[in-house]
Number of protein chains: 2
Amino acid sequence: MAENRFAKRMWHASSNAIREILKVTERPDVISFAGGLPAPSSFPVETINRIAGEILTADGCRCLQYGTTEGYWPLREAIANWVKVKGIETSPDQVLVLSGSQQGLDLMGKAFLDAGDRVIVEEPAYLAALQIFRSYEADLIPVKGDEEGYDPEALEAALKEHQPKFIYLVSTFHNPTGITYSVERRQKVAELAAKYDCYVIEDDPYGDLRYSGERVPALQTFNPERVVYLGSFSKIIAPGLRTGYAVVNNPEIRQKLVIGKQGADVHTSNLSQRIVQRFLAEGLLPGHIETICQDYKAKRDLMLESLEEHFPAGAKWVKPDGGLFLWVTLPEDISAIDVFPRAVEEKVAFVPGAYFFAQGGGENTLRLNFSNATFEQLQTGCARLGKVLKEFLD
Amino acid sequence: MAENRFAKRMWHASSNAIREILKVTERPDVISFAGGLPAPSSFPVETINRIAGEILTADGCRCLQYGTTEGYWPLREAIANWVKVKGIETSPDQVLVLSGSQQGLDLMGKAFLDAGDRVIVEEPAYLAALQIFRSYEADLIPVKGDEEGYDPEALEAALKEHQPKFIYLVSTFHNPTGITYSVERRQKVAELAAKYDCYVIEDDPYGDLRYSGERVPALQTFNPERVVYLGSFSKIIAPGLRTGYAVVNNPEIRQKLVIGKQGADVHTSNLSQRIVQRFLAEGLLPGHIETICQDYKAKRDLMLESLEEHFPAGAKWVKPDGGLFLWVTLPEDISAIDVFPRAVEEKVAFVPGAYFFAQGGGENTLRLNFSNATFEQLQTGCARLGKVLKEFLD
């Protein structure tokens, strides 16, 4: 079957590289730092079990019937209340429930992107976002940044030159780099979006997982109309429920997202929505996040120690204040893509950083996840990887 | 905000008309024959409650973790086994789990449709399918049919003239008309698809709900490579779980659908998938479908009787062998769109048939749902609607 039987958007579409890597690393003897999986021990299984029983007993028929595309109203209320911790003041009708926050990227692409439209993306950027925007045949314009986010001058130059439909970013505990946009930089991005009349997608699946430093208000708070905020319960309740949300204060954008979601999946699983709603309404989330953060902080710190101990002198990394990832930079002449197969032989896996670059580069970088492994695996895996890297450095 | 800020696909996109009508008819005093909702009494609430508890107790952590895009393997196995009742012989790796079978329409659009590509659709056709294919900027080519499905000569003429990417159809207990493709017509469509080198989407969310007549093998069985089969658990277990499936024997098409779903929602809710898997694995589905069919058969028959009793002589309808809908044709000079507001005043609602026509027409038709109302509502609602129709006929 000839490739050109398919839509153009599919001609060069490949399966998500990370998901393919994950398949390789599913062998039980491989210690994987590759995925972005939460620790299964962080899932509130007993609470969800109790809540599911209560919901199905009290209101099973309505829970199992079709629902509205916008989402279960009490969940939209609970989310509008929850996002206050991020500094966001909104109302339930401006909240849309999504089947995972990633669905928001797809719906924004569907709403805004014609072939040849431009989207500004970070360099490096979240891989699935790049693939989603490409699937709408958009031109991706990578813009460099530093440990505070997009470089303001480079961003302004790109906005001027390319007139993008929107700017995409992960504002807090970035995937893959772990960085967090400073308050000043958030303000600046919001300002530039207004000045050049474009929109911003603030993707924030990790922002609640802070282990050090002070909370920063959501970028959306600096321009509520221009910024679409995407949030997730995957890392703070459970990804298997596929429940995220968008805060969309602009009614026209919101309407387009709803039309897109009607066609995509009609609505998000009502059982998932009601479980999350009850979890929020019972006030369990702050305490649960605290428990997760204690665990992940210890894991982050142990991985940092283990890198210090086992990695060769030429490797560098930055300590992130939260999230799930450490970003490692190797000497320029070493390719993490070359290291990968050798690492898998030694039964340890990671994601080569080059996959996160929209237009090439970053061969000497790699991403390590510290949330999913056990403490012992963190130490053993870093020792294994350090040994392999030393081979390459010698 | 100017409409042209959005992607072209959104410029003329409106919210699904039926979903808008449903909002109007949510007033509790209105008897609604408008939606396509299953009866809440048909949901196996207690069984799902028990199963959810067992799953979360036994395997909660894995159930709440991320899963693979293709779906939970034991569910794919159970579906491969289940579709044997439709005459389909397949293997689990050819089954994809979807977040409702409608997601399959969106993913097929994403895989195949560039702007200006052609899709053959029935006249009338399932409304959401028309909207989804339009969202990929496809040209819809409506082809007339009769009570056995597409008219073979008209279909061949359209295939010759328009070289469509695929043919879309609802093979059994059609939405909105209630018709079922005959064996000969299924064979013919499969033959023509092969002859003109195009694909077929067999959308079959209602096929398990048969109240009279003999089961017909799935259209896919007449050409397993060319036909993508979409099935659903929304009408036979519960729509709120958002779980459907595709049987896709062509590996290239399957790969494109998986890539599309990775971007759309990563995977379907694992809790939903595992509930459906256990329901199937415990062998509960055939008995449960029998119970639903007894109820819906009685409702269909009561609605037919009530139409006979209350509707004016000029109205005609066909008795469907299954599904959820009766399709009514009024005299040519009466518009069901004009009847609608008057009917809502009399506290009864339906869907004007014109909405199901891709290129206009069908003003004198309307769709009635009989699954969601109670027996009393069926009688009262038909009496109310008959009274309104008589006003228009006088």
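The numbers here are math on the coordinates, done by the rules we state, and not lab data. Note that the coordinates shown come from a computational prediction; the quantities given were computed from them, not determined experimentally. So basically every Cβ, Gly included, is an ideal-geometry build from the backbone, and we count neighbours across all protein chains shown.
A label point on A:HIS12, set 7 Å along the Cα-to-Cβ line, lies at 3.1 nm from each of its counterparts in the other copies, closest listed first.
Ordering B:GLY231, B:VAL216, B:ASN175 by Cα displacement along the dipole of the range B:146-252 toward the positive end leaves B:GLY231 in first place; charges were set at the Cβ atoms of Lys, Arg (+1) and Asp, Glu (-1).
Backbone amide hydrogens, once placed in the peptide plane, bring A:LEU98 within less than 5 Å of A:GLY244, A:TYR245, A:ALA246, excluding anything fewer than 5 places away on its chain.
Here the range A:299-394 is assigned +1 on the Cβ of each Lys and Arg and -1 on the Cβ of each Asp and Glu. Its dipole about the Cα centre then comes out at about 260 debye. Assuming charge only on the beta carbon of Lys and Arg (+1) and of Asp and Glu (-1), the dipole of the range B:67-283 about its Cα centre is about 680 debye to the nearest 20. In this label model, A:LEU284 and A:GLU148 are separated by 4.1 nm, measuring between points 7 Å along each Cα→Cβ vector. With the label put 7 angstrom out from Cα along the Cα-to-Cβ vector, A:GLN377 ends up 4.9 nm from the copy partners, going from closest to farthest.
For the range A:123-184, with only Lys/Arg (+1) and Asp/Glu (-1) charged at the beta-carbon, what is the dipole magnitude about the Cα centre, in debye rounded to 20? Can you show the working numbers first?
Details: 4 positive and 11 negative charges, 69 e Å.
With Lys and Arg at +1 and Asp and Glu at -1, about 340 debye.
Put in order of Cβ neighbour count within 10 Å, fewest first, the listed residues B:PHE112, A:PHE6 become A:PHE6, B:PHE112.
The calculated FRET efficiency for the pair A:SER41 and A:ALA115, based on their C-beta separation and a Förster distance of 51 Å, comes to about 0.70. Please label the shape of the range B:171-300 as rounded, prolate or oblate, based on the square roots a ≥ b ≥ c of the eigenvalues of the alpha-carbon gyration tensor (a/c under 1.5 means rounded; beyond that, a/b larger than b/c means prolate, else oblate). Cα axes put the range B:171-300 in the oblate bin. Among beta bridges identified by DSSP and lying wholly in chain A, the antiparallel ones come to about 55 percent. Each residue in A:HIS288, A:HIS174 was given a count of other beta-carbon atoms within 10 angstrom of its own, and listing them fewest first yields A:HIS288, A:HIS174. Ranking B:PHE370, A:LEU257, A:LEU368 by Cα position along the charge dipole of the protein assembly as shown, where only Lys, Arg, Asp and Glu carry charges on their C-beta atoms, puts B:PHE370 farthest toward the positive end. Relative to the other copies, what are the label-point distances for B:ARG215, with labels 7 Å from Cα along the C-beta vector, expressed in nm at one decimal and sorted shortest first? Label-point separations across copies, in nm and ascending: 5.7.
Dipole orientation for chain A: of the candidates A:GLY116, A:LEU302, A:PRO74, A:PRO74 has the Cα lying most toward the positive pole (charges on Cβ; Lys, Arg +1; Asp, Glu -1). Residue-wise HN-Hα couplings along the range B:266-280, as the Karplus relation 6.51 cos²θ - 1.76 cosθ + 1.60 with θ = phi - 60° gives them from phi, are 6, 6, 7, 2, 5, 5, 4, 4, 6, 5, 5, 4, 5, 4, 5 Hz; Gly and Pro carry x. Measuring r between the beta carbons of B:GLN294 and B:ARG27 and using R0 = 41 Å, the FRET efficiency lands at 0.85. Label sites at A:ALA157 and B:GLU308, each approximated as a point 7 angstrom past Cα along Cα to Cβ, lie 8.1 nm apart. Placing a label point 7 Å from the Cα of B:ASN4 along the Cα-to-Cβ direction, the residues of the range A:106-133 whose backbone N falls under 16 Å of that point are A:113-115, A:117. Here A:LYS23 is the anchor, and the aspartates and glutamates within straight C-alpha reach of less than 14 Å, apart from those fewer than 8 places off in the same chain, are B:GLU70.
Which of B:SER41, B:SER232 has the fewest other C-beta atoms within 10 Å, and how do the rest follow up to the most?
So the ranking, lowest neighbour count to highest, is B:SER41, B:SER232.
With both labels modelled 7 Å from their Cα along Cα-to-Cβ, the A:ASP197 to B:LYS390 distance reads 6.0 nm. Bridges between two residues of the protein assembly as shown, per DSSP, are antiparallel at a rate of about 55%.
Rounded if a/c is under 1.5, else prolate if a/b is larger than b/c, else oblate: which is the range A:271-394, with a ≥ b ≥ c the root eigenvalues of its Cα gyration tensor? Prolate, since a/c reaches 1.5 and a/b exceeds b/c.
Using the Cβ-Cβ distance between A:GLN377 and A:ARG62 with R0 set to 35 Å, the FRET efficiency works out to roughly 0.20. Looking at this model, which pairs from B:LYS319/B:LYS387; B:LYS160/B:LYS256; B:LYS84/B:LYS110 are more than 24 angstrom apart at the alpha-carbon? Long pairs (Cα-Cα over 24 Å): B:LYS160/B:LYS256; B:LYS84/B:LYS110.
Under 5 Å between amide hydrogens, built in the peptide plane, is the criterion, and for A:ALA358 it picks out A:ALA125 among residues at least 5 positions away or on other chains.
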